[in-house]
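Enquirer: After the structure tokens below, expect a handful of questions from me.
The values are calculated or read from the model by the stated rules, or taken from the named source; none is laboratory data. Computed from a prediction, not measured in an experiment: that's the story for all the values here. Cβ: placed from backbone, ideal geometry, glycine included. Neighbour counts: every protein chain shown. The accessibility values were calculated without ligands, DNA or RNA, using every heavy atom of the protein model including side chains. Shrake-Rupley method; radii C 1.70, N 1.55, O 1.52, S 1.80 Å.
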Amino acid sequence: MEAGFDGVEIDGGNECLLQQFMSRQANERSDSYGGSAENRFTFALEVIREVTRRAAHAGKPFIVGYTLAPKEKGYLGNKVEDTFEWIDRLVHTEIDYLHISALHESTLDSEEKRSLLSSIIKHVNHRVPLVGTGGLTATEVAEAFEQGLALITIEQALVVQPDWVEKVINSDEPASMDMTSLDKDVSLPPEVLVHWKDMHKNDRPY
């Protein structure tokens, strides 16, 4: 707020600390912060309450969002059903929007990704503005907006293809972010390409 930002986003996905507390797979605590789904949500709820309490004293509108991973890898990882439970809990907090992250999982094919995003949009049912991100094609973005997605974020795709937005406006489908196509389809500095591939080659549970 002191720096002049208009809001903050609490990261409860991307294998960060809050997701680890909410995860059946990562959270092995036996106190009030572990065990049941209600207990595993306690830490995230306390963080949300404190951030929104401070945001209320900004002296101007200050947006607070929350990132949520749709599901986790691993046998004990949270599934879509768990995500629906988190969503039901989050919409009753003071967050201004919910951000569904990591739809780019390599284990999801295009149809599975569309089905997952569609089911989440349907479950949210406009109870809170919904933002999506994660390897969505221009076609998938258009379909998601038609279904009720409020906003889409473009991250690594803009690094790989700075003209991504212009291509979509001109009805051209940008190239896939598939690592196998990067070498021949995209011109990136060698060190950036190596780093990007290294980030994604070891997708695994924390």
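Enquirer: Which members of segment 139-163 meet the condition of being in contact with a strand residue (DSSP E or B) (Cβ under 8 Å, 6 or more places away or on another chain), open to solvent by 70 Å² or more (accessible area, probe 1.4 Å) and within 14 Å of SER101 (Cα to Cα)? Full working, then the answer.
Expert: So the first thing to find is which residues in segment 139-163 are in contact with a strand residue (DSSP E or B) (Cβ under 8 Å, 6 or more places away or on another chain), and the list is 141, 144-145, 148-153.
From the residues that got through so far, the ones that are open to solvent by 70 Å² or more (accessible area, probe 1.4 Å) too are 145, 151.
Residue satisfying the conditions is LEU151 alone.
Enquirer: Against the conditions (1) part of a strand (DSSP E or B); (2) over 22 Å from THR153 (Cα atoms), where does GLU9 fall short? Just the number, please.
Expert: Among (1) part of a strand (DSSP E or B); (2) over 22 Å from THR153 (Cα atoms), the lone unmet condition for GLU9 is (2).
Enquirer: Among all residue pairs at least 6 apart or on different chains, which show Cβ distances below 6 Å where the first residue, located in segment 62-85, is in contact (Cβ under 8 Å) with a residue 24 or more places away in the chain and the second is surrounded by fewer than 19 Cβ atoms within 10 Å (Cβ to Cβ) and aromatic (Phe, Trp, Tyr)?
Expert: From segment 62-85, the pairs are GLY65/TYR97.
Enquirer: So which residues in segment 50-76 are touching a helix residue (DSSP H, G or I) at 6+ places or on another chain (Cβ under 7 Å) and closer than 22 Å to ASN27 by Cα?
Expert: Result: TYR66, LEU68, ALA69, PRO70, LYS71.
Enquirer: Ok, one more. Checking the structure you have, find out if any residue of segment 60-69 is under 24 Å from ILE121 (Cα atoms) and part of a loop (DSSP other than H, G, I, E, B).
Expert: Keep residues of segment 60-69 that are under 24 Å from ILE121 (Cα atoms), which gives 63-69.
Cutting the leftovers down to part of a loop (DSSP other than H, G, I, E, B) gives us 69.
Yes; the residues of segment 60-69 include at least one that is under 24 Å from ILE121 (Cα atoms) and part of a loop (DSSP other than H, G, I, E, B).
Enquirer: Just the residues that are in contact (Cβ under 8 Å) with a residue 60 or more places away in the chain and either in a helix (DSSP H, G or I) or not hydrophobic (A, V, I, L, M, F, W, C) (or both), please, taken from segment 18-59.
Expert: Start the filter on segment 18-59 by keeping residues that are in contact (Cβ under 8 Å) with a residue 60 or more places away in the chain, which leaves 20, 22, 25-26.
Hits for segment 18-59 are GLN20, MET22, GLN25.
Enquirer: I would also like to ask the following. Pull up segment 1-53, narrow it to residues that are open to solvent by 70 Å² or more (accessible area, probe 1.4 Å) and among the hydrophobic types (A, V, I, L, M, F, W, C), then point me to the one that is farthest from THR83 (Cα to Cα).
Expert: Of everything passing the filter in segment 1-53, ALA3 is farthest from THR83 (Cα to Cα).
Enquirer: Could you tell me whether GLU112 is closer than 25 Å to THR137 by Cα and open to solvent by 80 Å² or more (accessible area, probe 1.4 Å)?
Expert: It is true that GLU112 is closer than 25 Å to THR137 by Cα and open to solvent by 80 Å² or more (accessible area, probe 1.4 Å).
Enquirer: Out of HIS99, HIS92, I need the residue that is surrounded by fewer than 14 Cβ atoms within 10 Å (Cβ to Cβ) and either part of a loop (DSSP other than H, G, I, E, B) or modelled with pLDDT of 90 or more (or both). Which one?
Expert: Sole residue among the options that is surrounded by fewer than 14 Cβ atoms within 10 Å (Cβ to Cβ) and either part of a loop (DSSP other than H, G, I, E, B) or modelled with pLDDT of 90 or more (or both): HIS92.
Enquirer: Let me ask you something else. Within segment 69-86, count every residue that is surrounded by 20 or more Cβ atoms within 10 Å (Cβ to Cβ) and at pLDDT 90 or above.
Expert: 1
Enquirer: Next question, about the same structure. With respect to ALA44, determine if the residue is at pLDDT 95 or above and in contact with a helix residue (DSSP H, G or I) (Cβ under 6 Å, 6 or more places away or on another chain).
Expert: yes
Enquirer: Right, here's the next one. Just to be sure, is PHE62 surrounded by 12 or more Cβ atoms within 10 Å (Cβ to Cβ), over 17 Å from the mean Cα position of the chain (by Cα) and of a type in the set (Phe, Trp, Tyr)?
Expert: yes
Enquirer: Could you please tell me which pairs satisfy a Cβ distance under 7 Å, a separation of 6+ or placement on different chains, a first residue in segment 147-171 that is within 23 Å of TYR66 (Cβ to Cβ) and part of a strand (DSSP E or B), and a second residue that is open to solvent by less than 50 Å² (accessible area, probe 1.4 Å) and not hydrophobic (A, V, I, L, M, F, W, C)?
Expert: Close Cβ pairs satisfying both conditions: ILE152/GLY132; ILE152/THR133.
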